[in-house]
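Take a look at the structure set out below.
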Amino acid sequence: MTDHSEPAADTTATDADEPTGRIVLLTTSHRVAPGVLSWPAWQILHAADRVLCADPGHPQLPYLREAGVEVAFESPDAHALVEDCAGGRTVVVLPGGEGDQRLTDGLARLAGSGRVSMPDLELLPGSYDLPGARLLDLVQVMDRVRRECPWTSRQTHRGLAKYAIEEAYELVEAIEDGDRDELREELGDVLLQVVFHARIAEEYEDPEEAFSIDDVAGALVTKLIHRHPHVFGDAQAETPEDVSAHWQRTKAVEKQRDSVTDGIPVGQPGLALAAKLAGRARTGGVAVELPRGEGIGYELLELAARAEAEGIDPETALRAAARAYRDAIRAAEGLAEPGE
């Protein structure tokens with residue numbers, strides 16, 4: 001009888017006592033500065049019998065050379081890499097930024113064949129993304145889009161203003177709907193407005209008045225620390241009211257405003273504006289009676305002030321009532337509620 005079975009691979013387990021070695025795929029994050037590696041990564045790099053890298057432009061290479069790690073520029077296939085580990089040798093592979101799908105697929109096929117005595121396979125992260133690391137990607141993508149997109153490259157602060165308002169309202173709607181996927185997307189759209197405006201600000205004709213996203217973030221960090229002395233300092237705050245009082249006092253010193261109404265945007269919706277004015281007067285200790293007059297406007301003003309004093313946002317309350325009214329209208333029309 002003729003044996004038509006495939007010949008076994010050269011790397012067979014002929015000697016069960018022979019050590020098979022170790023393959024370490026050392027991954028690094030491009031969002032962390034090159035050369036900043038974990039201690040286990042440095043240990044394995046120095047202890048390895050061979051360190052391989054297919055990319056001579058890999059950002060880690062100058063730092064490995066400086067640390068005395070010898071790197072061979074090779075792109076072995078799975079068979080060659082397994083053979084390289086014979087005798088218990090350890091081989092470290094530095095994949096490129098997109099990884100090495102060809103190599104990992106080949107190793108998986110060999111391991112699944114059952115005909116090859118495989119070395120130990122280890123995936124070792126040499127560096128990890130910190131929280132917020134993807135924001136660096138966002139800044140880089142925004143920079144490229146600003147330079148290369150015919151529409152994006154022509155936008156101005158003034159031209160984009162309407163989108164900021166639209167996105168804010170869409171975010172509020174996602175919050176009210178309770179849709180988590182929609183909420184995540186709308187938060188991204190609001191964040192895009194911030195990054196977009198900051199990128200435009202870098203190109204301001206007067207270099208003294210230009211700023212970047214780092215300037216925006218840095219100013220915000222400074223503000224948050226300064227306005228939370230009960231978190232970052234020695235001040236005490238036991239209740240939300242204590243925190244609000246800290247905030248208002250700090251803002252008053254920072255802004256040096258003449259009136260508690262200074263800085264309130266009068267272009268916001270009427271109920272929100274009325275509640276904001278009432279809140280500023282109340283927390284600022286300004287004793288003032290609500291103006292009286294004829295018409296629904298003064299009645300709404302009184303309702304907004306009352307709601308603010310009771311800790312209710314009248315704009316949110318009215319929107320909730322309006323949404324219920326919308327649903328009632330649709331029901332009277334024989335229609336399902338939106339989203340069903």
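When LEU64, LEU138, LEU45 are checked against the criterion of being farther than 30 Å from ASP214 by Cβ and surrounded by 14 or more Cβ atoms within 10 Å (Cβ to Cβ), LEU45 stands alone in meeting it. Exactly one residue out of LEU37, LEU52, LEU61, LEU45 is within 21 Å of HIS79 (Cβ to Cβ) and at pLDDT 90 or above: that is LEU52. Residues that are at pLDDT 90 or above and out of contact with any helix residue (DSSP H, G or I) (no Cβ under 8 Å at 6 or more places or on another chain) within the stretch 109-124 comprise ASP120, GLU122, LEU123, listed in sequence order.
Any residue at all in the stretch 302-316 that's within 24 Å of LYS223 (Cα to Cα) and within 34 Å of the chain's Cα centre (by Cα)? Working first, answer last.
Residues of the stretch 302-316 within 24 Å of LYS223 (Cα to Cα): none.
Within the stretch 302-316, not a single residue is within 24 Å of LYS223 (Cα to Cα) and within 34 Å of the chain's Cα centre (by Cα).
A residue that is free of Cβ contacts under 8 Å to residues at least 24 places away in the same chain, outside any helix (DSSP H, G or I) and surrounded by fewer than 12 Cβ atoms within 10 Å (Cβ to Cβ) occurs somewhere in the stretch 174-182.
Out of the residues in the stretch 37-78 meeting the condition of being among the charged types (D, E, K, R) and outside any loop (DSSP other than H, G, I, E, B), tell me which one is farthest from GLY96 (Cα to Cα). In this case the residue turns out to be GLU66. The C-beta contact set for the stretch 138-157 (first residue within 16 Å of TYR204 (Cβ to Cβ) and in contact (Cβ under 8 Å) with a residue 40 or more places away in the chain, second residue β-branched (Val, Ile, Thr) and in a helix (DSSP H, G or I), distance under 9 angstrom, 6+ apart or interchain) comprises ARG146/THR152; ARG146/ILE200; GLN155/ILE200; THR156/ILE200; HIS157/ILE200. When you scan the stretch 272-330, how many residues do you find that are surrounded by 11 or more Cβ atoms within 10 Å (Cβ to Cβ), of a type in the set (Val, Ile, Thr) and within 22 Å of GLU176 (Cα to Cα)? Going through the stretch 272-330 one residue at a time, the tally reaches 2. Taking first residues from the stretch 238-264 that are at pLDDT below 85 and partners that are assigned to a helix (DSSP H, G or I) and hydroxyl-bearing (Ser, Thr, Tyr), the Cβ contacts under 6 Å between residues at least 6 apart in sequence or on separate chains come to GLN248/THR283. Assess whether ALA237 counts as being over 28 Å from GLU167 (Cα atoms) and in contact with a His (Cβ under 9 Å, 6 or more places away or on another chain). Yes; evaluated as a whole, the condition is true for this residue.
Residue check: ALA328 meets all listed conditions (1) touching a residue at least 24 places away in the same chain (Cβ under 8 Å); (2) more than 36 Å from the chain's Cα centre (by Cα) but one, namely (1).
Yes/no matrix, rows are residues, columns are (1) closer than 24 Å to LEU136 by Cβ; (2) surrounded by 12 or more Cβ atoms within 10 Å (Cβ to Cβ); (3) in contact with a helix residue (DSSP H, G or I) (Cβ under 8 Å, 6 or more places away or on another chain):
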residue	(1), (2), (3)
GLU202	yes, yes, no
ASP206	no, no, no
GLU209	no, no, no
LEU220	yes, no, no
HIS226	no, yes, yes
HIS230	no, yes, yes
GLU238	no, no, no
HIS246	no, yes, yes
THR250	no, yes, yes
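Restricting GLU203, GLU170 to residues that are more than 30 Å from ALA78 (Cβ to Cβ), of a type in the set (Asp, Glu) and in a helix (DSSP H, G or I) narrows the list to GLU170.
The values are calculated or read from the model by the stated rules, or taken from the named source; none is laboratory data. In this text the structure is predicted, and so the values were computed from the model without any measurement. We place every Cβ from the backbone using ideal geometry, glycine too, and count neighbours over all the protein chains shown.
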